[in-house]
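The values are calculated or read from the model by the stated rules, or taken from the named source; none is laboratory data. As the structure is a computational prediction, the values presented were derived from the model and not from experiment. Neighbour counts are summed over all protein chains in view; Cβ atoms, including those assigned to glycine, are modelled from backbone coordinates with ideal geometry. For accessibility, only protein heavy atoms count, side chains too; no ligands or nucleic acids. Shrake-Rupley method; radii C 1.70, N 1.55, O 1.52, S 1.80 Å.
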Amino acid sequence: MKSTLKKLLPFAVVGVISGATAVGTLQYFGHNSNNGDQGYFTSSTNASFAGMNSAAIGDDFVKAAKTTVPAVVTIKNYQNRTSSRASEQDMFDFFFGDPFGGRGQQRQKQQAPDNMPSGMGSGVIISPDGYIISNNHVVAGANKLEVVLSNKKSYIATLVGTDPNTDISLLKIEEKGLPYLNFANSDNIEVGQWVLAVGNPLGLNSTVTAGIVSAKGRGIGILGSQGKASNPIESFIQTDAAINPGNSGGALVNSNGDLIGINSAIQSTTGYYQGYGFAVPSNLARKIVEDIKKFGIVQRGFLGVQSLDLSDEQQVASYNFQKKANIKTGSGVYVTGFGENSGAEDAGLKIGDVITKIDTMPVTDFADLSIAIGSKRPGDKVAVTYIRNGKENTTTVTLKDQKGGTSTRTKADLSVSEKIGADFEPLSESFKTNYGLNSGVIARNVGEGSEMAKIGIVDNYIIIEINGKPVNSQKDVEKILDKYQGNVQVKFVDEYGRIYTKGFKMP
């Protein structure tokens, strides 16, 4: 009997320590994290030490929570369900769930009433006069956006602008003296640093969870694969603070209550929290909203290179197979080609160079390069460090926009297609004859949140008339709407042959 007790005694001690740690965690962090993992790690002699110091951490979290909660809002997205697409619906469900108790397909069969939102997410007040930052996917497709403050006051918001490439949006409500959060310098955060995630997950308002920064510069491929991002910038802050559907657009803050990120995505096999959440860094988010406020559009500088991420083994293996090459995996970004009007090519970079640094920022993978360049504007100059034939070199590159320009643009500088968010291809005469059409163009590259998307037009829909005039080419569309101001009437055909007439105000 005594020998048996001796054998069990160490396990009993471990069990007591594990239990104490779990209770302490529940008390100070306010959420039920993975207690099994905590029990496992109590074999470390530092486990009880961390528990004894958690009081000081808890005090910091209380202050941060009191600062943050009043500045985080609920955003309700109302949209025309007859024009919603399956791909958009799937994305809605993935990011912030179905407020009606079912997944996307179930909701399509049994839709909610028109006075119910299609989806709900979060947002962060960033100025006392009512500017609110959130995710692009939270507001996508909305014909009405309702903002509910933590004190339950409700407002109808104006969508100032969005950027699918960073999944950031900017809204405005008409109010003054609002609580707001300050942007922190996200470049200064460290892996292992304590953070709070504040949002409205699963319909639970003003929820605060705690964790640490698990990693920086994460690229998970979600913006390009599931969204409408043509040139996505993914360099997420990864955190183990519990983030669930509904947290999208909410705040990730440091222990001072300063904004270090906008919670955007979860990586999960179930659609719910499994340990990994991702936030857009505050420096990038701030740059996007500053552009939208000042210019009306995002100012994006491009290096002008086609590249291969040497840290991605699968990508390198695929490239070697297709090109019959023998590129080795490692650190950095390998230049495989150049775009038109490339600033990098003008500055002397060549195919085969490996980019290792932008200014003072190391480039170990494509995510590093993406945020280092994506946070710059056309005309900005960057120092590019690269390896060629084993030797390190540095050159200065002037960034350009996609059209080769080096100056900022406003909405007034945009073409008609850029303003309304779509390109147009002519229909063949045989197609017109077969379907009894006298005119028509095919919509292509319809932008997420664009004017055309808002009225239900998606890729491959046919536009017959604009403002009562037949259109047969992109030039026809440009001619009708060039310098036009006021309401635009669009007559179009969907994939089932149904004809609609809808409109929007020319931006």
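Some notes on this structure:
- Sole exception among (1) touching a residue at least 12 places away in the same chain (Cβ under 8 Å); (2) within 30 Å of residue 421 (Cα to Cα); (3) open to solvent by 10 Å² or more (accessible area, probe 1.4 Å) for residue 212, by number: (2)
- Only listed residue being modelled with pLDDT of 90 or more, outside the structural domain of residue 459 (by the TED database), farther than 22 Å from residue 257 by Cα and open to solvent by less than 40 Å² (accessible area, probe 1.4 Å), chosen from 173, 189: 173
- Per-region count, the stretch 100-148, residues open to solvent by less than 50 Å² (accessible area, probe 1.4 Å) and modelled with pLDDT under 50: 3
- Qualifying residue in the stretch 479-489 (condition: aliphatic (A, V, I, L, M), under 24 Å from residue 429 (Cβ atoms) and in contact (Cβ under 8 Å) with a residue 24 or more places away in the chain): no
- Selection status of residue 482, out of contact with any Lys or Arg (no Cβ under 9 Å at 6 or more places or on another chain) and open to solvent by 50 Å² or more (accessible area, probe 1.4 Å): yes
- Within the stretch 308-317, at least one residue is more than 26 Å from the chain's Cα centre (by Cα), open to solvent by 10 Å² or more (accessible area, probe 1.4 Å), of a type outside the set (Phe, Trp, Tyr) and more than 23 Å from residue 402 (Cα to Cα).
Residues checked against (1) surrounded by 13 or more Cβ atoms within 10 Å (Cβ to Cβ); (2) within 18 Å of residue 505 (Cα to Cα); (3) in the same structural domain as residue 345 (by the TED database):
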residue	(1), (2), (3)
395	yes, no, yes
405	yes, no, no
409	yes, no, no
421	yes, yes, no
426	yes, no, no
434	no, no, no
437	yes, no, no
440	yes, no, no
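- Within the stretch 463-477, the only residue that satisfies the criterion of being touching a helix residue (DSSP H, G or I) at 6+ places or on another chain (Cβ under 8 Å) and among the charged types (D, E, K, R) is 469.
- Residue, nearest to residue 209 (Cα to Cα), within the stretch 238-265, restricted to residues that are modelled with pLDDT under 90 and open to solvent by 10 Å² or more (accessible area, probe 1.4 Å): 242
- When the helices (runs of 4 or more DSSP H) confined to the stretch 261-378 are screened for residues that are of a type in the set (Ser, Thr, Tyr) and in contact (Cβ under 8 Å) with a residue 24 or more places away in the chain, those reaching at least 1 such residues are found at 282-295, 366-374.
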